[in-house]
Amino acid sequence: MQSERAQSAKPRRGSKARNSRDSAGYRVFTWLNSTILVILCLIMLYPFVTVLAQSFSSPGAIKAGLVSFWPVDFNIDTYIAVANNGMFWRNYGNTVVYTVVATIIAMILTTSFAYVLSKEHLRGRKVLIGIAIFTMFFNGGIVPNYVLISSLGMKNTMWALVIPGAISVFNLLVMKSFFENLPKDLEEAAQIDGLSWFGIFGRIVLPLSKAVIATMVLFYSVAFWNDWFAAFLYLDKSELFPVTLFLRNLLAGASSAATEGAAASGSTASALSANIQSVTMILTVLPILFVYPFVQRHFVSGIMLGSVKG
């Protein structure tokens with residue numbers, strides 16, 4: 001009887017959690033947090049919605065400043081003109097190839113290097129980690145990198161865009177931390193069963209790392225897709241350009257043309273420039289928008305598993 005009374009006298013954790021969630025302070029915090037997040041989302045979405053509306057608006061409406069959230073004088077002529085541009089689609093295909101090849105190479109190198117660094121018994125482990133971290137803060141600079149890429153014969157090739165950024169040290173350290181948190185008993189059991197280190201890595205470690213791998217694929221693919229500066233440095237032939245460099249040149253050309261046209265006469269060159277820019281921006285970001293929903297469910301779990309130790 002006494003034990004039953006003692007047990008009944010003990011506060012239950014579930015009831016405590018419910019009481020804290022039902023408290024006025026918790027409700028106020030939840031309301032404020034939700035309101036702030038909604039406001040931040042609207043602020044971040046506003047530029048994209050404006051660009052999307054401008055892409056379907058007429059140059060005259062853009063010039064008059066009438067476009068904000070909704071298209072004015074619905075117009076798809078610019079989309080048709082860009083769709084009929086053969087160089088745009090060729091550069092688009094280049095971007096797809098560059099992104100896929102670069103992401104595959106980056107994932108192979110990052111996963112294998114991170115797995116090796118996660119082993120505490122590895123000789124020279126701290127030196128290798130130090131070298132990797134050193135490259136986060138110091139690099140040779142643009143001119144030495146350009147000379148190196150040219151001397152290696154990679155200029156005007158895909159490898160000038162793929163190889164230099166093959167390993168991101170941030171992604172490497174996140175994946176290393178994730179591998180360190182995997183149960184060591186699984187690897188020991190696999191070794192008893194006769195698996196080699198390559199077998200353990202390929203048949204046990206990688207299948208258990210789907211969340212962090214999906215996150216790293218997202219990071220690498222977005223970075224390679226949006227990168228234009230490396231192509232600007234190392235590629236001279238327009239048929240090799242990625243679509244981001246095509247967009248950059250289009251924006252630069254349209255902006256200069258708009259400036260010259262506005263100086264010479266009161267034409268709608270600036271409005272036409274804004275319409276072309278909006279259309280090409282929308283077409284450039286569409287693939288990432290389509291891919292992200294399939295990967296984002298792994299995003300939070302992959303980052304948390306790879307960045308929190310213990």
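The values are calculated or read from the model by the stated rules, or taken from the named source; none is laboratory data. Predicted model, so just to flag it, every value in this text is computed and none were measured. All Cβ positions, even for glycine, are placed from backbone atoms using ideal geometry, and neighbour counts span all protein chains on display.
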Glu120 vs. criteria closer than 15 Å to Val205 by Cα and at pLDDT below 90: no
Report whether or not Arg123 is charged (D, E, K, R), under 30 Å from Pro164 (Cα atoms) and surrounded by 15 or more Cβ atoms within 10 Å (Cβ to Cβ). no
Among the helices (runs of 4 or more DSSP H) contained in the stretch 1-64, which hold 3 or more residues that are at pLDDT 55 or above and farther than 30 Å from Gln277 by Cα? 13-22, 24-55
Residues that are of a type in the set (Gly, Ala, Ser), in contact (Cβ under 8 Å) with a residue 24 or more places away in the chain and in the same structural domain as Ala106 (by TED's automatic domain parsing): find the helices (runs of 4 or more DSSP H) completely inside the stretch 171-254 holding 2 or more of those. 210-226, 229-234
So how many residues does the stretch 27-53 have that are basic (Lys, Arg) and loosely packed, with under 10 Cβ neighbours inside 10 Å? 0
